[in-house]
2 protein chains.
Amino acid sequence: MEEIKVFCPATIANVSCGFDVLGLALDSVGDEMVVRKIPEKEIRITKIIGQDLPLETGKNVSGVAGLALLEKSDYDGGFEIEIDKRIKPGSGIGSSAASSAGAVWAMNELLGKPFSKLELVQFAMEGEKLASDVAHADNVAPAIYGGFTLVRSYAPLDIVPIPTPDELFATVIHPQIEIKTSDSRKILKTTISLEKGIKQWGNLGGLVAGLFQSDYDLIGRSLEDHIVEPIRSILIPAFDDIKTNAMDAGALGCGISGSGPSIFALSKGENNAQNVAKSMEETYKTIGVPFDIHISKVNIHGVKKLG
Amino acid sequence: MEEIKVFCPATIANVSCGFDVLGLALDSVGDEMVVRKIPEKEIRITKIIGQDLPLETGKNVSGVAGLALLEKSDYDGGFEIEIDKRIKPGSGIGSSAASSAGAVWAMNELLGKPFSKLELVQFAMEGEKLASDVAHADNVAPAIYGGFTLVRSYAPLDIVPIPTPDELFATVIHPQIEIKTSDSRKILKTTISLEKGIKQWGNLGGLVAGLFQSDYDLIGRSLEDHIVEPIRSILIPAFDDIKTNAMDAGALGCGISGSGPSIFALSKGENNAQNVAKSMEETYKTIGVPFDIHISKVNIHGVKKLG
């Protein structure tokens with residue numbers, strides 16, 4: 001295989017109680033990317049449509065992630081990359097992670113899969129480091145593994161795939177304002193109360209148990225965040241209204257996607273997810289906030305081959 | 001049924017990364033208790049052997065837990081209780097919880113099971129409140145549900161049973177010193193760093209996933225506590241040596257049982273658990289610390305009928 005076209009999924013990191021450890025992949029929201037073998041041992045970004053992003057390899061997350069892979073590979077050649085960028089940078093649904101993860105996943109396919117998923121995550125994390133100064137894995141891990149993933153530890157890197165209940169759908173609304181990940185990290189406190197910590201790990205344990213058992217009620221009860229959401233939600237227009245209305249419309253839970261400004265809700269079944277979307281749309285239309293909105297099944301495959 | 005004899009299991013709370021939320025029940029360590037219907041609407045403790053504990057109903061945890069049950073029951077009579085107290089108070093393996101849980105479980109059987117397990121936990125928590133001023137559930141929940149339990153939330157009380165892998169054994173060593181739960185809570189800080197919090201909920205998620213999948217390696221990797229163990233272990237003789245030697249002897253993980261001073265280790269298979277026990281014994285013999293030691297399969301039933 002000389003060339004591959006892939007779908008690079010958007011991802012929701014944190015997922016309320018899983019700050020910095022949990023993420024999930026989306027199915028109907030993502031970039032498309034063509035990766036092609038070239039004889040020269042280099043990475044070339046030849047085309048980017050949809051967004052104004054740098055073509056220079058060292059300044060593009062897919063270029064940097066690709067170089068990390070190339071460095072560990074015994075392949076003599078290189079790759080060129082064309083990106084159809086559909087996920088807006090700064091939206092909070094893993095725009096940079098989609099490009100990083102997509103690039104290294106595609107390259108691995110073209111080389112006959114010499115690398116494990118864990119290694120691909122490590123390469124993709126180099127792209128994340130370029131994007132936000134932190135080599136975090138909570139978006140690239142679900143993009144590569146699919147479904148829900150838990151980043152149990154960074155040293156050593158330990159990714160735990162968590163099963164996804166069949167009927168779990170996500171609704172994501174993206175108010176058209178930009179929050180930089182680095183800015184939204186700055187407003188976080190470096191300490192938390194032990195009491196809130198206990199609630200958080202209780203909820204994380206509950207969420208993992210709920211996902212294993214397809215216990216939608218337990219998933220819903222566990223989707224609480226007493227630590228980050230109260231601080232970061234201040235930066236997001238009408239967050240409380242969106243959340244209240246989404247819950248009233250039947251969401252299991254609702255919170256900030258990644259570092260925001262996108263807001264996600266999880267629901268049982270597509271019907272509920274659509275009702276939640278309607279309530280979110282209504283809320284932003286009423287106060288005049290422009291937005292994108294997405295409804296998606298949780299994507300259990302992660303990056304995938306197209307065509 | 002007018003009378004029932006029950007086994008009331010010892011329990012390990014916290015289980016490293018699950019501070020204040022996780023617990024598990026033991027199989028071969030526990031009290032025995034006889035509970036008998038009486039015509040008067042009262043609770044009488046008629047006999048306690050093994051330990052010097054108050055017979056007065058309002059001062060005995062099983063009496064207080066029993067009164068909480070009786071108050072919610074439409075039963076006209078009462079109960080008398082005989083306790084063969086084998087778990088030493090202050091050992092950190094849920095001595096008070098065994099009495100509280102055993103009493104209400106036995107009464108519920110005698111009344112034809114009018115109450116749910118969740119309600120029994122709530123009654124038993126009144127006993128815990130008497131014992132340590134805090135109505136915590138992390139020992140009484142596994143004593144009543146069996147296996148591993150997660151206390152996801154207290155308001156409302158939400159107990160999540162977590163499956164137990166077949167070959168999971170606990171080794172518990174109890175150095176013969178007493179630490180009061182209230183004292184060992186006092187030395188904890190009321191705040192923690194966000195960074196350590198993230199590690200903790202990553203580990204808790206990993207442990208729950210490991211238990212669901214019988215993934216012993218993942219269970220082992222997740223049995224870490226960066227928050228409470230570094231502080232409380234100072235109160236426990238030779239904690240670091242015991243832990244290092246237990247890990248060298250094949251334990252999956254090792255930590256403080258409840259608020260101590262007992263130290264627990266989890267192992268895959270009885271053989272490993274016995275090797276861990278030998279290493280722990282050796283450590284305390286060398287430095288002359290008197291101890292009790294127990295090896296037990298995780299008890300998936302909780303309190304159970306004897307005879």
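Rule-based calculations on the coordinates, nothing more; no lab input. What you are looking at is a predicted structure, and each value in this text was computed from that prediction instead of being measured. No Cβ is skipped: glycine too gets one built from the backbone with ideal geometry, and neighbour counts run over all protein chains shown.
Before moving on, here are some points about what is shown:
- Farthest positive-ward along chain A dipole, Cα basis, beta-carbon charges - from A:Leu110, A:Gly307, A:Leu70: A:Leu70
- With at most 16 other Cβ atoms within 10 Å, longest stretch of chain A clear of loop GluC sites (Glu not before Pro) (DSSP): A:179-307
- The packing ranking of peptides B:237-243, B:63-69, highest mean first, is B:63-69, B:237-243, where packing means the average number of other beta carbon atoms within 10 angstrom of each residue.
- Computed over the alpha-carbon pairs of segment A:57-99, the distance histogram in 5 Å steps reads 5, 20, 27, 22, 14, 8, 4, 1 percent, short to long.
- With viscosity 1.306 mPa s and temperature 10 °C, the Kirkwood radius over alpha carbon pairs of segment A:124-168 converts through Stokes-Einstein to a diffusion coefficient of 142 µm²/s.
- Crossing angle, helix B:194-213 versus chain B [Cα axis fit, 0-90 degrees, rounded to tens]: 70
- A simple spin-label model places the labels of B:Glu56 and A:Ser214 5.6 nm from each other, with each point 7 Å out along Cα-to-Cβ.
- Long-range tail of P(r) for segment B:200-282 (Cα pairs > 22 Å, %): 23
- Against chain A, whose longest principal axis is taken from its Cα atoms, helix A:270-287 shows a tilt of about 80°.
- Antiparallel bridges, percent of DSSP beta bridges restricted to segment A:1-135 (to nearest 5): 75
- In this assembly of identical copies, the label point of B:Lys196 (Cα plus 7 Å along Cα-to-Cβ) is separated from its counterparts by 1.7 nm, sorted shortest first.
- Considering only segment A:14-87, percent of DSSP beta bridges that pair antiparallel, nearest 5: 55
- A point 7 Å from Cα along Cα→Cβ stands in for A:His301, and the other copies hold the same point at 4.8 nm, listed in rising order.
- A:Lys113 versus A:Ser28: modelled label distance in nm, points set 7 Å from Cα along the beta carbon direction: 2.9
- Beta bridges per DSSP with both ends in the protein assembly as shown, % antiparallel, nearest 5: 90
- Projected-area average for the protein assembly as shown over all orientations - Cα convex hull basis, square nanometres: 29.4
- Look at where the Cα atoms of segment B:239-304 and of segment B:218-233 average out, and the two centres are 15 Å apart.
- Relative to the current alpha-carbon distance between A:Glu40 and A:Leu188, full extension at 0.36 nm per residue lengthens the span by 48.8 nm.
- Local electrostatic count at A:Lys189 - Lys and Arg +1, Asp and Glu -1, tallied over other residues with Cβ under 12 Å: +3
- At 7 Å out from Cα toward Cβ: A:Glu282 inter-copy label distances (nm, ascending): 6.9
- With a cut-off of 14 Å on the backbone N, the residues of segment A:5-43 near the modelled label site 7 Å out from A:Glu270 along Cα-Cβ are A:27-29.
- Other protein chain Cβ atoms within 10 Å, averaged over every residue that makes up A:223-232: 1
- Principal-axis analysis of the Cα atoms of chain B puts helix B:61-72 at an angle of about 50° to the longest axis.
- Measure of compaction for chain A (Cα Rg per 2.2 N^0.38 Å): 0.96
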